[in-house]
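Below is one structure, written out as structure tokens; comments come after it.
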Amino acid sequence: MCGIVGYIGQRQASSILVEGLSKLEYRGYDSAGVAIINESNNIDVKKCKGRLANLEEQLNENPIEGMIGIGHTRWATHGEPSDVNSHPHSNEKQTISVVHNGIIENYIELREWLIKEGYTFKSETDTEVVPHLVDYYYNGNLLEAVMKTVKKLEGSYALGVVTSEESDKVVAVRKDSPLIVGLGEGESFIASDIPAVLNHTRDVYLLEDNEFVLMDKNGVSLFDTEGNKIEKEVFHVTWDAAAAEKGGFDHFMIKEIYEQPKAIRDTMTSRIVKNESIKLDDITITKEQIKNIDKIYIVACGTAYHAGIVGKYAIEKLTRIPVEIEVASEFRYRDPIINEKTLMIVISQSGETADTLAALREAKRQNARVIAVTNVVGSSVSREADDVLYTWAGPEIAVASTKAYETQLIAMYIIALFFAENKETLSEEEIEDIKEEMLALPEKVEKVLEGKEKIKEFAANICNNKNMFLLGRGLDYAVALEGALKIKEVSYIHSDAYAAGELKHGPIALIEDGTVVIALSTQERLFEKMVSNVKEVTTRGANVFGIAMEGHTEIEKTVNESYYIPRTIEVLAPILSVVPMQLMSYYTAIEKGCDVDKPRNLAKSVTVE
Ligand code: F6R
């Protein structure tokens, strides 16, 4: 949550920092601010509540000249979104300024101690202890003062720090919050994520926990906690900067929905090839180890958790290994039964979600093997897991996840097939049949997208409803959960997903004249049962949008609107049936005038608990 940037070089810092922050706004957008060392060697801070555009306006009216600075875009945790709680935070003399992503868990204790030492606080934030601590320890060397400061901190942080006393330096450090360093020609950058520096450089350092950065006119130096210099490999970013731009679409969300066929194709490339065994170069688990697994946990949050539910169905069906699926925030505190025969699969688009990372660490502590499915190369989960399976979705900027979900499903199918092949739970022909169906999915998703007008129309009719229900059985229920989350997130309509068979055990009491219901009926075996459930709601006046596979035209007799997805095998149907859900949430939000790419109260990357 929150994004930080920093710059040192020969150009005006203000516009570079703001441009960097614009690429990080997905991480939080409650307030924004910059601290720049101006031409008189003083720190000039501008910060304000609201979107980055407010800050930009202020900077246009009163520009700050200076070539060194730090910036922040906030997702509020401690202290309401307000000007005073915005970052950067400074010491009283305003000679030290700090931007922070993360949470300082022991800030109350530190604050009380600092107050006793004579420091006064202006904000309600946890962060404000940091500039005061740096001030306390400062003795002419910023790097040393920051090193001493972080020894006092508990929690997570990526910090960027400047001081007017050494007006040619930016110091940074990370622990449990992401941070990268951009290496330019005569200029250097820090940022919470790669897109923030991509217009200036493709060469970056991906920092590990407890690594310190010193950027000055000589370039970038890295240090460990003892102050020893360390060397690090430069990571060259190969993806296109344009991938993180809207490219003619009105919003990132719809652009990313349309990128799904490519994302699916890219994630399958070289892994799913006709008449060849599944190749997972990035996974080192052996046949013996796979045979030894007696339980799999899939652990994730939000949309990634919903992808995990599909993963559970697929892995159990194709490999007969029992799978438990759980949200990471519950798993980490539940004392789960784990041993060396347990395999954990964590799914995380960002690879930085705090709860997912904590669950991964807990599993590793108890000797489980961990496979990470993530979209971000070099992210924390990718570094800490035993094996990584990257989803090649490209940068996902819209806060609501779409293409990452699709590629996470593909990753689940790939893992299921890989295990089935190794455990010989499926014949070669059966595996080839599933692969053939998978290879046809990108074109089928394109076909689903062609039907968007019908969804747009339905969205226009229902956008003023306060409630919506999504029903499904089996894998359709898993997709209903994801559909309900998308609708809540971007269109602010209260939407709930129910396993259709559960309806009569309570939720049906909510159905009345005009209640909107989306009925997913793509699972052949369960189709008739779903039709009965749909009848139960239509007879009570529900307005039903039914989704079924091509050929199941009987659905038309029971629903108000029907939508067909191309035929595929049941286990793969979620890849197609989620697309109308994504479009429904997008167009409903557009009709209501919601900010689809930056829904209220949300942030893309939840790096705090
Ligand atoms: C919903 C959404 C979130 C994320 C969740 C996990 O559209 O994007 O629910 O799926 O915060 O994020 P990652 O996958 O980065 O761990």
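The values are calculated or read from the model by the stated rules, or taken from the named source; none is laboratory data. Computed from a predicted structure; not experimentally measured. Cβ coordinates were reconstructed from backbone atoms using ideal geometry, including for glycine residues, and neighbour counts include every protein chain displayed. Note: areas computed on protein heavy atoms with side chains; ligands, DNA, RNA excluded. Shrake-Rupley method; radii C 1.70, N 1.55, O 1.52, S 1.80 Å.
The Rg/Rh ratio for the stretch 471-609, using Cα coordinates for both the radius of gyration and the Kirkwood hydrodynamic radius, is 0.98.
Here's the list of lysines a cross-link from residue 255 could span, going by alpha-carbon distance under 17 Å and ignoring same-chain residues fewer than 8 apart: 23, 246, 403, 447, 452, 456, 486, 598, 604. Peptides 32-39, 558-565 ranked from most to least packed, by the mean per-residue count of other Cβ atoms within 10 Å: 32-39, 558-565. Distance between the pseudo-spin-label points of residue 425 and residue 83 (7 Å out from Cα toward the beta carbon): 6.1 nm. Residues whose amide H comes within less than 5 Å of that of residue 392, counting only those at least five positions distant or on another chain, are 267 (H built at 1.01 Å from N in the peptide plane). Based on C-alpha pairs under 8 angstrom that are at least 6 apart in sequence, the stretch 3-245 has a relative contact order of 19 percent. For the set 286, 163, the ranking by accessible area, highest first and with no ligand, DNA or RNA atoms included, is 286, 163 under a 1.4 Å probe.
Within the stretch 254-442, the proportion of C-alpha pairs whose separation exceeds 22 Å stands at 41%. Any idea what diffusion coefficient the chain gets from Stokes-Einstein, in µm²/s, Kirkwood Rh on alpha carbon pairs, 37 °C, 0.692 mPa s? The diffusion coefficient I find is 129 µm²/s. For the stretch 138-171, GluC sites (Glu not before Pro) are listed when DSSP marks them as loop and at most 15 other Cβ atoms sit within 10 Å of their Cβ; the list is 154.
Residue-wise HN-Hα couplings along the stretch 57-74, as the Karplus relation 6.51 cos²θ - 1.76 cosθ + 1.60 with θ = phi - 60° gives them from phi, are 4, 4, 6, 5, 5, 10, x, 10, 8, x, 10, 9, x, 10, x, 8, 10, 10 Hz; Gly and Pro carry x. Using θ = phi - 60° in the Karplus curve 6.51 cos²θ - 1.76 cosθ + 1.60, the 3J(HN,Hα) couplings for the stretch 206-213 round to 9, 6, 9, 4, 6, 9, 9, 10 Hz; x is entered for Gly and Pro.
Take the Cα of residue 320, step 7 Å toward its Cβ, do the same at residue 39, and the gap between the two points is 7.8 nm. For residue 148, a cut-off of 22 angstrom between C-alpha atoms picks up these lysines, skipping any fewer than 8 places away in its own chain: 93, 116, 169, 175, 229. To the nearest 10 degrees, how steeply does helix 475-491 sit against the main Cα axis of the chain, on a 0 to 90 scale? The two axes meet at around 40 degrees.
Straight Cα distances below 12 angstrom link residue 291 to the aspartates and glutamates 421, 424, with same-chain residues fewer than 8 positions distant left out.
Projecting the alpha carbon convex hull of the stretch 385-526 along each direction and taking the average yields 11.7 nm².
Spatially, the stretch 470-527 and the stretch 556-609 are offset by 12 Å when compared through their Cα centroids.
Sorted from longest to shortest, the spans of the Cα atoms of the stretch 3-245 along the three principal axes equal 51, 43, 34 Å.
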